[in-house]
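J.: Structure in structure tokens, see below.
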Amino acid sequence: MEKAFEQQPSDCIKVVIFGPESTGKTTLSRQLARYYNSVWVPEYAREYLQNVWNNERRTCEPKDLLPIAKGQMKLENELAQKASSVLICDTDLLETKVYSEAYYLGACDPILEKYALENNYDLYFLTYIDVPWEADDLRDKPNEREKMFKAFESALQEHNKPYVLLKGGKEERLKKAITHINQLLTKKW
């Protein structure tokens, strides 16, 4: 079962768009995939939890985290095989770990934690909370954006993950992300 959480080897550069809810991660993921003529890995948790909400009218529970992590890694591993030179990940297991600890009193399933820390990415883009919060069925922390941002940044720092902070509007964020990805591509090739 644990194999389902492992990151498969890939030759492409992997970047993660990382941060609290409603900070422009999906928008940036799509923009970057389009720019690099590549694929992006959507956030599996959104699909999974929307189905839970639609069918059971409940929110995320600890029992949902391993199926979410498994689905996320399945998507990532499949799409990494289709990526050109860059794979854009709208999230990763470290993000799921941060949410687990924030929502469930610091608790995180040991399997989720293990793979959240073992899976590797070339760079994280930490999205700041300077964009308007947009409500939907799944977002629920509009008044805790600063606290959540700090939790995400702390996770990157604590686990020595390479990251770049993205602030500003869509174009400013996109331009900065492209600059950093191009630097990675130059080093790799």
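J.: Within segment 108-123, which residues are under 19 Å from residue 149 (Cα atoms) and either of a type in the set (Lys, Arg) or in contact with a Pro (Cβ under 7 Å, 6 or more places away or on another chain) (or both)?
T.: 123
Listed here are the residues, each with its yes/no results for (1) within 27 Å of residue 73 (Cβ to Cβ); (2) in contact with a helix residue (DSSP H, G or I) (Cβ under 8 Å, 6 or more places away or on another chain).
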site	(1), (2)
116	yes, yes
125	yes, yes
137	yes, yes
140	yes, no
144	no, no
160	yes, no
170	no, yes
176	no, no
179	no, no
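J.: Something else about it: Somewhere in segment 64-86, is a residue within 22 Å of residue 145 (Cβ to Cβ) and in a loop (DSSP other than H, G, I, E, B)?
T.: no
J.: Still on this structure: Conditions: (1) of a type outside the set (A, V, I, L, M); (2) closer than 27 Å to residue 34 by Cα; (3) in contact (Cβ under 8 Å) with a residue 12 or more places away in the chain. Residue 171 meets all but one. Number of the miss?
T.: (3)
J.: Give the residues of segment 45-62 that are part of a helix (DSSP H, G or I) and surrounded by 16 or more Cβ atoms within 10 Å (Cβ to Cβ), sorted by residue number.
T.: Of segment 45-62, the ones part of a helix (DSSP H, G or I) are 45-56, 62.
Residues satisfying the conditions are 45, 46, 48, 49, 52.
J.: Here's a check for you: in segment 138-162, which residue that is of a type in the set (Asp, Glu) and out of contact with any Gly (no Cβ under 9 Å at 6 or more places or on another chain) is farthest from residue 50 (Cα to Cα)?
T.: Filtering segment 138-162 for residues that are of a type in the set (Asp, Glu) and out of contact with any Gly (no Cβ under 9 Å at 6 or more places or on another chain), the one farthest from residue 50 (Cα to Cα) comes out as 158.
J.: Out of all the residues in segment 118-143, which are at pLDDT below 95 and surrounded by 14 or more Cβ atoms within 10 Å (Cβ to Cβ)?
T.: Within segment 118-143, the subset at pLDDT below 95 is 131-143.
Within segment 118-143, 131, 133, 138, 141 qualify.
J.: Restricting to segment 126-179, and then to whatever is over 21 Å from residue 102 (Cα atoms) and among the β-branched types (Val, Ile, Thr), can you tell me which residue is farthest from the chain's Cα centre (by Cα)?
T.: Among those residues, the one meeting the criterion is 179.
J.: I'd like to check something: does segment 77-86 contain any residue that is crowded, with 17+ Cβ neighbours inside 10 Å, modelled with pLDDT of 95 or more and within 19 Å of residue 4 (Cα to Cα)? Before the answer, list the steps.
T.: Restricting attention to segment 77-86, the residues satisfying the condition of being crowded, with 17+ Cβ neighbours inside 10 Å are 79-80, 83, 86.
Right, trim to modelled with pLDDT of 95 or more and you get 79-80, 86.
From what's left, within 19 Å of residue 4 (Cα to Cα): 79-80.
So far as segment 77-86 goes, yes, one or more of its residues are crowded, with 17+ Cβ neighbours inside 10 Å, modelled with pLDDT of 95 or more and within 19 Å of residue 4 (Cα to Cα).
J.: Could you list, in sequence order, all residues of segment 154-172 that are in contact with a Phe, Trp or Tyr (Cβ under 8 Å, 6 or more places away or on another chain) and in a helix (DSSP H, G or I)?
T.: If the condition is that a residue be in contact with a Phe, Trp or Tyr (Cβ under 8 Å, 6 or more places away or on another chain) and in a helix (DSSP H, G or I), then 156 is the only one that fits.
J.: Name every residue in segment 7-29 that is surrounded by fewer than 17 Cβ atoms within 10 Å (Cβ to Cβ) and assigned to a loop (DSSP other than H, G, I, E, B), in order of residue number. Give the derivation first.
T.: Pass one, segment 7-29, residues surrounded by fewer than 17 Cβ atoms within 10 Å (Cβ to Cβ): 8-11, 26-27.
Correct list: 8, 9, 10, 11.
J.: Another question about this same structure. Run down 32, 65 and say which single residue is more than 24 Å from residue 113 (Cα to Cα) and surrounded by 19 or more Cβ atoms within 10 Å (Cβ to Cβ).
T.: Values: 65 fails: more than 24 Å from residue 113 (Cα to Cα).
Of 32, 65, the one residue that is more than 24 Å from residue 113 (Cα to Cα) and surrounded by 19 or more Cβ atoms within 10 Å (Cβ to Cβ) is 32.
J.: Could you tell me whether residue 177 is assigned to a helix (DSSP H, G or I), within 16 Å of residue 17 (Cβ to Cβ) and of a type in the set (A, V, I, L, M)?
T.: Working: assigned to a helix (DSSP H, G or I): yes; within 16 Å of residue 17 (Cβ to Cβ): yes; of a type in the set (A, V, I, L, M): yes.
Yes: the conditions hold for residue 177.
J.: Look at residue 46 and say whether it is basic (Lys, Arg), out of contact with any strand residue (DSSP E or B) (no Cβ under 8 Å at 6 or more places or on another chain) and without any contact (Cβ under 8 Å) to a residue 24 or more places away in the chain.
T.: On the way: basic (Lys, Arg): yes; out of contact with any strand residue (DSSP E or B) (no Cβ under 8 Å at 6 or more places or on another chain): yes; without any contact (Cβ under 8 Å) to a residue 24 or more places away in the chain: no.
Criteria not met by residue 46.
The values are calculated or read from the model by the stated rules, or taken from the named source; none is laboratory data. The shown structure was predicted, so the numbers you read here are calculated from the model rather than taken from an experiment. Note that we place each Cβ from the backbone using ideal geometry, even for glycine, and neighbour counts take in every protein chain shown.
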